[in-house]
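Colleague: Here's a structure for you.
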Amino acid sequence: MERTAAAKRIGILTSGGDCAGLNAVIRAAVHRAAHYGWEVVGIEDGTQGLLARPVRYVNLDVNRVDGAVMRQGGTILGTTNKGDPFAYPMADGSKKDRSQEIIGGLRELGVDSLIGIGGDGSMAILRQLAHIGGIKLIGIPKTIDNDLGITEMSVGFDTAVAVATEALDRLQPTAASHERVMVLEVMGRDAGHIALSAGIAGGADVILLPELVWSVAGVAAKIHRVRDGGRNFALVVVSEAVKTMEGNAAKQEFTDGQRRYGGIGNYIGHLIAEATGAETRVTVLGHVQRGCPPGHNDRVLASAFGVAAVDLLAEGKSDRLVAWSNRRVIDIPITDAIATYAAVDTDGTLVTTARGLGIYVGDV
Ligand code: F6P
């Protein structure tokens, strides 16, 4: 066993929306830390656990994280996508800077290094906290949306695509049996990566993305061509961030007062029915894209990221994000990663592939 001069205690947390593969990252980091003789503490519910007194955490060792953990969806640590510590929403409606409480929480835990698993919003917050608190931070990208710049793949994306593809596999026979047009609304805030990959893999006829302009006439023409060719059903995939014809985002207010995407599938389903006379049904896939066991690609990616993150700390590096590039893990400054938004490349291979397959992906 290698041992660095000073024994280390690393904090690890998951932040933002959950996705498949988070537990595989945690497992890998704990294994690699054990290799160096370091302790790992899992902070519960992201930064929320650090605001609590006593701090909410769990000691992690290889026995705790082996067995079922890697196979489980969600995160064994819990997570939150609310409560920016620099503008924390208080009960009286005011906002308070609680960053010092979080740093105090990290001190209480006795950690000088933190592995944060999150998307761009979480990374921006964790980076600021680490800077103020003098904590070494390594970030690991996760998001089903796969919209974090530089990394070709974020943890959770591959599994979300697999779920959406399976949904299309299940919609196809029922669509054919009833001669229907099936619309599947998938997640993606604000990029259409899930829709594009799942649409190609699942044999969709139409894929609507927020990155490309679409029209009812274009969608209807495709469905007419399908029918004219002798097929009695069609599959349409719509990314949740696609805009209405008036250019508005389809959003709904939730019980917490936040407006989130939802409704574009039904909107487009109605328009298709009107324009083509086809019997149309809409499925909104929602959070099943996030909560399932990770597929093998996410397990491998998560394992590679977890090991690499601990190795970076062992090399004395900080303020870096691990990323997947050209079949290997690289590390980049966190600022570079969050400064680059990875929307679907409208001239890229996947859009060209979709068009080459005759899929309607918007007007050219
Ligand atoms: O960013 C991940 C994501 O799953 C988006 O695809 C989706 O729009 C959003 O989170 C849903 O957020 P919530 O979990 O708050 O409903």
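The values are calculated or read from the model by the stated rules, or taken from the named source; none is laboratory data. Fair warning: this is a prediction, and the values are worked out from it, not measured in the lab. For neighbour counting, all protein chains shown are included, and Cβ atoms are generated from backbone atoms with ideal geometry for every residue, glycine included.
Colleague: Since residue 221 meets every condition but one in (1) more than 30 Å from residue 151 (Cα to Cα); (2) part of a loop (DSSP other than H, G, I, E, B); (3) touching a residue at least 24 places away in the same chain (Cβ under 8 Å), which condition does it not meet?
Modeller: (2)
Colleague: Turning to a different aspect of this structure: I'd like to know if region 57-70 contains one or more residues that are surrounded by 18 or more Cβ atoms within 10 Å (Cβ to Cβ), within 19 Å of the chain's Cα centre (by Cα) and within 16 Å of the ligand (Cβ to nearest atom).
Modeller: Filtering region 57-70 for residues surrounded by 18 or more Cβ atoms within 10 Å (Cβ to Cβ) gives 57, 60, 65, 70.
Subsequent filtering for residues that are within 19 Å of the chain's Cα centre (by Cα) retains 70.
When the remaining residues are screened for being within 16 Å of the ligand (Cβ to nearest atom), the result is none.
No.
Colleague: Can you tell me which condition residue 258 does not meet? The list is (1) modelled with pLDDT of 95 or more; (2) within 16 Å of the ligand (Cβ to nearest atom), and all the others hold.
Modeller: Unmet for residue 258, out of (1) modelled with pLDDT of 95 or more; (2) within 16 Å of the ligand (Cβ to nearest atom): (1).
Colleague: Next question. Hey, any hits in region 99-115 for a residue that's within 16 Å of the ligand (Cβ to nearest atom) and modelled with pLDDT of 95 or more? Even if it seems obvious, please write down each step before you answer.
Modeller: Keep residues of region 99-115 that are within 16 Å of the ligand (Cβ to nearest atom), which gives none.
Within region 99-115, not a single residue is within 16 Å of the ligand (Cβ to nearest atom) and modelled with pLDDT of 95 or more.
Colleague: Checking the structure you have, find out if any residue of region 319-326 is in contact with a strand residue (DSSP E or B) (Cβ under 8 Å, 6 or more places away or on another chain), in contact (Cβ under 8 Å) with a residue 24 or more places away in the chain, surrounded by fewer than 17 Cβ atoms within 10 Å (Cβ to Cβ) and of a type in the set (Lys, Arg).
Modeller: No: zero hits.
Colleague: Now for a different question. Just checking, how many residues over region 112-143 are within 13 Å of residue 301 (Cβ to Cβ) and either of a type in the set (A, V, I, L, M) or in a helix (DSSP H, G or I) (or both)?
Modeller: To start, the set of residues in region 112-143 that are within 13 Å of residue 301 (Cβ to Cβ) comprises 117, 140-143.
Within this subset, residues satisfying the condition of being either of a type in the set (A, V, I, L, M) or in a helix (DSSP H, G or I) (or both) are 117, 140.
Qualifying residue count for the region: 2.
Colleague: Those residues that are in a loop (DSSP other than H, G, I, E, B) and free of Cβ contacts under 8 Å to residues at least 24 places away in the same chain, I need them from region 54-81; list them, please. Working first, answer last.
Modeller: Our first condition is that a residue be in a loop (DSSP other than H, G, I, E, B); within region 54-81, this holds for 54-56, 61, 66-68, 72-81.
Once the filter is applied, which keeps residues that are in a loop (DSSP other than H, G, I, E, B) and free of Cβ contacts under 8 Å to residues at least 24 places away in the same chain, region 54-81 yields 56, 67, 68.
Colleague: Could you say whether any residue in region 261-274 is within 16 Å of the ligand (Cβ to nearest atom), at pLDDT 95 or above, touching a helix residue (DSSP H, G or I) at 6+ places or on another chain (Cβ under 9 Å) and within 16 Å of residue 183 (Cα to Cα)?
Modeller: There is at least one residue in region 261-274 that is within 16 Å of the ligand (Cβ to nearest atom), at pLDDT 95 or above, touching a helix residue (DSSP H, G or I) at 6+ places or on another chain (Cβ under 9 Å) and within 16 Å of residue 183 (Cα to Cα).
Colleague: Please state which one of 227, 281 is assigned by TED's automatic domain parsing to the domain that holds residue 208, surrounded by fewer than 22 Cβ atoms within 10 Å (Cβ to Cβ), in contact with a Lys or Arg (Cβ under 8 Å, 6 or more places away or on another chain) and not in a loop (DSSP other than H, G, I, E, B). Write out each step before concluding.
Modeller: On the way: 227 fails: in contact with a Lys or Arg (Cβ under 8 Å, 6 or more places away or on another chain).
Every option except 281 fails the conditions.
Colleague: Identify, please: which residue in region 285-300 is away from the ligand (no atom under 13 Å from the Cβ) and more than 17 Å from residue 76 (Cα to Cα) and is, among those, surrounded by the fewest Cβ atoms within 10 Å (Cβ to Cβ)?
Modeller: 296
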